[in-house]
Amino acid sequence: MRWLVTGGLGFIGSTFVRLLLRERPEVEVVNLDAMTYAGNPANLADVAHDPRYRFVKGSIGDPTAVDAAIADGVDAIVNFAAETHVDRSILEPEAFLRTDILGTHTLLEAVRARGIRRFLQVSTDEVYGDVPSGASREGDPLRPRSPYSASKAGGDLQVLAYHATYATPVLITRGSNTYGPRQYPEKLVPLFVTNLLDDATVPLYGDGLQIRDWLHVDDHARGILSVLERGEIGGVYNLGGGNLRTNLELTRVLLDACGRTMTTHVRHVADREGHDRRYALDASKAHALGWQPQVAFEEGLRATVRWYRDNESWWRPLKSGEFLEYYRRQYAHR
Ligand code: DAU
């Protein structure tokens, strides 16, 4: 079997590629990745020479690159490739529409033309929009509220439309906030941890009482594999960690793990525009496939802090150049 993973140099994609190479000896992996700012070759340096792994540089929105990646035939495509950061989507939405909607469309066309047997779209709980109470189920209406989540919802709707129209064999996973090793340091957990390790302050948006549902990246990757192997074609599956925490609660654990305090190291800054207050997922459909998150939250978070502490050579080069310019643009005026 040969599977195409797109965006395999990213945070969740690289974790998934490593999982496949470790636990599915019958599977060869082709990784199509555009190597934009968050696609990092260091994420897969340990498997780069594995004979079951092949890398193709290119964007999912480029039909020629997609053709090159699937030229030898593939049995499945798992689409991790996306623009993913909400704050960047507020600054510059266009790339999000291009990759998350049009890129998804290019892949769907390839699946249709080549008769590929499975297409799994990696999506997000953010497509449901703000969830003041209860938990989102897969059939709930999509009410995205940021350019990022609206682009992901657009991708999901294309995927479902291809299933209805062309009987394209699709699956969708909607994951909750993911944390763990190798996450680009623009997101809350790696940004806060690396700032704290540097004895710098962390910028907490608004009152910090926004709620997210946290899922370890290993659990997320395993959930995607379960859905790919056992999900019902045409189905959508929520992958929620079941760890609802306010940003303030999460920040307290990070401060403690880094030996810092709220008064000295937290900078309260203006809230994100259109900030969703709360996400929560009902993941019982995925649980029925036999998937359950394994990593206990506080323990997983502390292990993640240790990973960043022990792997400074991974994140230090990322916090320079383009990142510093983004950081200034995003935070200097707040
Ligand atoms: O829910 C799944 C989503 O989780 C994924 O689809 C997205 O790709 C991923 O970026 C993430 O979205 P969030 O916007 O929830 O993640 P982020 O790490 O940017 O922010 C988490 C929370 O922390 C959110 O309420 C905003 C807040 N925050 C974030 C940053 C970067 C801060 O208070 N300060 C910050 O500097």
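Assorted remarks:
- Test: TYR308 is under 23 Å from ASP207 (Cβ atoms), surrounded by 13 or more Cβ atoms within 10 Å (Cβ to Cβ) and among the hydroxyl-bearing types (Ser, Thr, Tyr): no
- Among residues of region 302-321, those that are more than 16 Å from the ligand (Cβ to nearest atom) and in a helix (DSSP H, G or I), counted: 11
- Scan of region 242-258 for residues that are open to solvent by less than 50 Å² (accessible area, probe 1.4 Å) and in contact with a strand residue (DSSP E or B) (Cβ under 9 Å, 6 or more places away or on another chain), ordered by number: ASN243, THR246, ASN247, LEU248, LEU250, THR251, VAL253, LEU254, LEU255
- Note on region 259-301: among residues that are within 16 Å of the ligand (Cβ to nearest atom), farther than 22 Å from VAL122 by Cα and charged (D, E, K, R), the one that is surrounded by the most Cβ atoms within 10 Å (Cβ to Cβ) is ARG260.
Matching residues to (1) free of Cβ contacts under 8 Å to residues at least 24 places away in the same chain; (2) open to solvent by less than 50 Å² (accessible area, probe 1.4 Å); (3) hydroxyl-bearing (Ser, Thr, Tyr); (4) in contact with a strand residue (DSSP E or B) (Cβ under 7 Å, 6 or more places away or on another chain):
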{"site": "PRO93", "(1), (2), (3), (4)": "no, no, no, no"}
{"site": "GLU109", "(1), (2), (3), (4)": "no, no, no, no"}
{"site": "ARG114", "(1), (2), (3), (4)": "no, no, no, no"}
{"site": "GLU126", "(1), (2), (3), (4)": "no, yes, no, no"}
{"site": "ASP140", "(1), (2), (3), (4)": "yes, no, no, no"}
{"site": "TYR148", "(1), (2), (3), (4)": "no, yes, yes, no"}
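- Failed criterion for ALA167 (all others in (1) hydrophobic (A, V, I, L, M, F, W, C); (2) more than 11 Å from the ligand (Cβ to nearest atom); (3) in contact (Cβ under 8 Å) with a residue 24 or more places away in the chain hold): (3)
- Residue count for region 150-162, restricted to those that are of a type in the set (A, V, I, L, M, F, W, C) and either open to solvent by 30 Å² or more (accessible area, probe 1.4 Å) or outside any helix (DSSP H, G or I) (or both): 4
- The one condition from (1) without any contact (Cβ under 8 Å) to a residue 24 or more places away in the chain; (2) in contact with a strand residue (DSSP E or B) (Cβ under 7 Å, 6 or more places away or on another chain) that ALA69 does not meet is (1).
- Within region 185-203, tally of residues that are touching a helix residue (DSSP H, G or I) at 6+ places or on another chain (Cβ under 6 Å) and within 9 Å of the ligand (Cβ to nearest atom): 3
- Meets criteria (in contact with a Phe, Trp or Tyr (Cβ under 8 Å, 6 or more places away or on another chain) and either within 14 Å of the ligand (Cβ to nearest atom) or closer than 28 Å to GLN183 by Cβ (or both)) for GLU94: no
- Boolean, VAL78 is in contact with a helix residue (DSSP H, G or I) (Cβ under 6 Å, 6 or more places away or on another chain) and either closer than 19 Å to ALA110 by Cα or crowded, with 22+ Cβ neighbours inside 10 Å (or both): no
- In this structure, THR104 qualifies as more than 14 Å from the ligand (Cβ to nearest atom), open to solvent by less than 20 Å² (accessible area, probe 1.4 Å) and over 17 Å from HIS275 (Cα atoms).
The values are calculated or read from the model by the stated rules, or taken from the named source; none is laboratory data. Bear in mind the structure is a predicted one, so any value in this text is a computation, not a measurement. Please note: Cβ atoms are built from the backbone with ideal geometry, for glycine as well, and neighbour counts cover all protein chains shown. Side chains included, ligands, DNA and RNA excluded: accessible areas come from the protein's heavy atoms. Shrake-Rupley method; radii C 1.70, N 1.55, O 1.52, S 1.80 Å.
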